[in-house]
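The values are calculated or read from the model by the stated rules, or taken from the named source; none is laboratory data. Given the structure is predicted, the values throughout are model-derived calculations rather than measurements. All Cβ positions, even for glycine, are placed from backbone atoms using ideal geometry, and neighbour counts span all protein chains on display.
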Amino acid sequence: MQQIQGILQRIQDLVQRPKQESDAEKHLARELEHERWKRRRIQSKMKRLRKRAGAPAVTERTHALPEPDTSVNKYQIFHNLISLFKPGKMLDLGAGKGNFSLAAAKLGWEVTAVDARTVRWPDPETEEDPDHAELIRSIRWVQADVRGFPTRSGEYDLICILGLLHHLEMDDQIELLKRCSDTLTLLDVRIAPEVVIREGPYEGEYKSEPGETREERDQIPQAAWGNEVSFRHTEESLVRLARDCGYSKVMPMKPPHRLDYMFYLCLPPP
């Protein structure tokens with residue numbers, strides 16, 4: 001919002017100037033209008049989807065997960081889960097700060113960490129502990145949009161999609177899981193507590209991503225990369241999605257470590 005206000009102020013200043021607008025200033029005005037148009041389009045789409053669902057947002061928690069166990073840390077859950085497997089090649093999609101990648105590397109996994117942002121990546125050059133610096137260097141860090149990162153069959157022994165899937169739109173969720181479904185996959189996903197909208201065989205809720213413009217969202221590590229809205233499934237819908245994309249079985253790791261936020265182990269076809 002602050003960025004939009006700044007752009008508006010710049011445009012207002014330009015209008016008050018007697019001189020003719022430069023090409024750069026005209027481009028700035030067109031860019032702002034385009035961002036407004038995109039926001040109106042998304043809001044219109046969400047209204048149509050709610051109307052098509054036949055009812056306003058459901059307030060009763062009809063598909064909630066059990067109460068979370070706040071004594072359990074998500075990194076402990078992750079560590080305990082992957083400790084059950086023989087270390088191999090791991091792909092961490094949407095690696096963020098790299099905490100999961102580092103935990104896996106410490107257990108002997110050969111890790112590739114992928115994220116569109118590099119701002120939160122650990123820097124081995126500023127690390128005081130030489131052993132930890134070497135651990136950081138052992139990971140292959142790749143700056144890329146996970147939606148376009150290639151995953152070839154048999155290339156990895158484990159794919160982690162942690163805190164990422166619920167930040168994607170439905171079509172991107174389907175495309176991503178289809179590409180990963182021939183590999184053991186660990187998900188950590190926010191679950192919609194009720195059915196607000198139905199999209200074909202899936203159900204859940206749409207969420208607006210933080211940030212008014214693409215530029216604002218790019219500066220928010222917790223926001224989606226590019227898309228303005230994302231989709232969260234109910235647990236039944238998430239399991240259905242994974243099965244439809246090719247996984248043979250989805251194993252929920254209950255209880256949740258946070259409210260409506262849980263790990264799922266997705267098994268590839270036998």
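If you go through the stretch 136-155 one residue at a time, how many are part of a helix (DSSP H, G or I) and either at pLDDT 95 or above or small (Gly, Ala, Ser) (or both)? Write out each step before concluding.
Keep residues of the stretch 136-155 that are part of a helix (DSSP H, G or I), which gives 136-137, 146-148.
Cutting the leftovers down to either at pLDDT 95 or above or small (Gly, Ala, Ser) (or both) gives us 136-137, 148.
Final tally of qualifying residues: 3.
Can you tell me how many residues within the stretch 196-217 are modelled with pLDDT under 90 and either of a type in the set (Ser, Thr, Tyr) or not assigned by TED's automatic domain parsing to the domain that holds residue 166 (or both)?
So the answer is 2.
So residue 195 clears everything in (1) touching a residue at least 60 places away in the same chain (Cβ under 8 Å); (2) farther than 14 Å from residue 234 by Cα; (3) aliphatic (A, V, I, L, M); (4) touching an Asp or Glu at 6+ places or on another chain (Cβ under 9 Å) except one condition, right? Which one?
(2)
Just checking, how many residues over the stretch 80-99 are within 17 Å of residue 167 (Cβ to Cβ) and either surrounded by fewer than 16 Cβ atoms within 10 Å (Cβ to Cβ) or among the aromatic types (Phe, Trp, Tyr) (or both)?
Looking only at that region, the number is 1.
Which pairs have Cβ atoms under 7 Å, sit 6 or more apart or on different chains, and link a residue in the stretch 106-129 that is aliphatic (A, V, I, L, M) to one that is assigned to a helix (DSSP H, G or I)?
Close Cβ pairs (under 7 Å, with a partner that is assigned to a helix (DSSP H, G or I)) amount to 107/82; 111/101; 111/104; 111/105; 113/101; 114/146.
Do any residues in the stretch 91-102 that are assigned by TED's automatic domain parsing to the domain that holds residue 81 and more than 14 Å from residue 135 (Cβ to Cβ) have Cβ atoms under 6 Å from those of residues that are part of a helix (DSSP H, G or I) and modelled with pLDDT under 95, where the two are at least six apart or on different chains, and which pairs are they?
Close Cβ pairs satisfying both conditions: 93/146; 94/146.
Go through the stretch 163-183 and report how many residues are within 20 Å of residue 251 (Cβ to Cβ) and surrounded by fewer than 20 Cβ atoms within 10 Å (Cβ to Cβ).
First, the residues of the stretch 163-183 that are within 20 Å of residue 251 (Cβ to Cβ): 163-166, 173, 176-178, 180-183.
Still in the running and surrounded by fewer than 20 Cβ atoms within 10 Å (Cβ to Cβ): 163, 178, 182.
Total meeting the criteria: 3.
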